[in-house]
Amino acid sequence: MTLYRVRMTLARDADFPEGSNMRGYDFIVPLGAQNRPDASIWKRHTKDCLVHRFWEGEDDRHGLLRHTGGQWLVDYDLKREGDEEPFVQLDRHPIETGNYLSMVEGDGKQRTFHIVSVKPLAAA
């Protein structure tokens, strides 16, 4: 199986000097060579690549991981434009425990997240 469940939590930044385990994302991503996201695998599993955003003090959000025009993003409503949150060069970073990923959130801020787990998705 090439789908993996990834959990990442907010790394420390100016707003959260200690980071936060109560803020982050769980998402399913297809990984290929060198543990990088693979768009060709994603095409076969578009509906399986779910995203869950959890943020203390806010309602949880659910969406899909999408690959469009060479960019990976979270799309919360496929029928509405402007609610997407893009990853920053996701395809250039190995998705491995201990690494960091950045994304531009809905408020326009780029935030960095620490990957705390990467687990193969159980075959159905």
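The values are calculated or read from the model by the stated rules, or taken from the named source; none is laboratory data. Computed from a prediction, not measured in an experiment: that's the story for all the values here. All Cβ positions, glycine included, derive from the backbone under ideal geometry; neighbour counts span all protein chains shown. Just the protein is used for accessible areas: all its heavy atoms, side chains included, with ligands, DNA and RNA removed. Shrake-Rupley method; radii C 1.70, N 1.55, O 1.52, S 1.80 Å.
Return the residues of the stretch 83-108 that are open to solvent by 70 Å² or more (accessible area, probe 1.4 Å) and either without any contact (Cβ under 8 Å) to a residue 40 or more places away in the chain or closer than 14 Å to H52 by Cα (or both); say none if nothing qualifies. Even if it seems obvious, please write down each step before you answer.
As a first pass, look at the stretch 83-108 and keep what is open to solvent by 70 Å² or more (accessible area, probe 1.4 Å): 89, 92, 96-97, 100, 107.
If the condition is that a residue be open to solvent by 70 Å² or more (accessible area, probe 1.4 Å) and either without any contact (Cβ under 8 Å) to a residue 40 or more places away in the chain or closer than 14 Å to H52 by Cα (or both), then Q89, T97, D107 are the ones that fit.
From the residues in the stretch 1-16 that are out of contact with any His (no Cβ under 7 Å at 6 or more places or on another chain) and among the β-branched types (V, I, T), which one is modelled with the highest pLDDT?
For the stretch 1-16, the residue satisfying everything is V6.
Is there a residue in the stretch 85-96 that is part of a loop (DSSP other than H, G, I, E, B), under 13 Å from the mean Cα position of the chain (by Cα) and more than 18 Å from R36 (Cβ to Cβ)?
no
Mind listing whichever residues of the stretch 1-58 are open to solvent by 60 Å² or more (accessible area, probe 1.4 Å) and either touching a strand residue (DSSP E or B) at 6+ places or on another chain (Cβ under 6 Å) or acidic (D, E) (or both)?
Within the stretch 1-58, M1, R5, R7, D15, E18, N21, D48, L50, E56, E58 meet the criteria.
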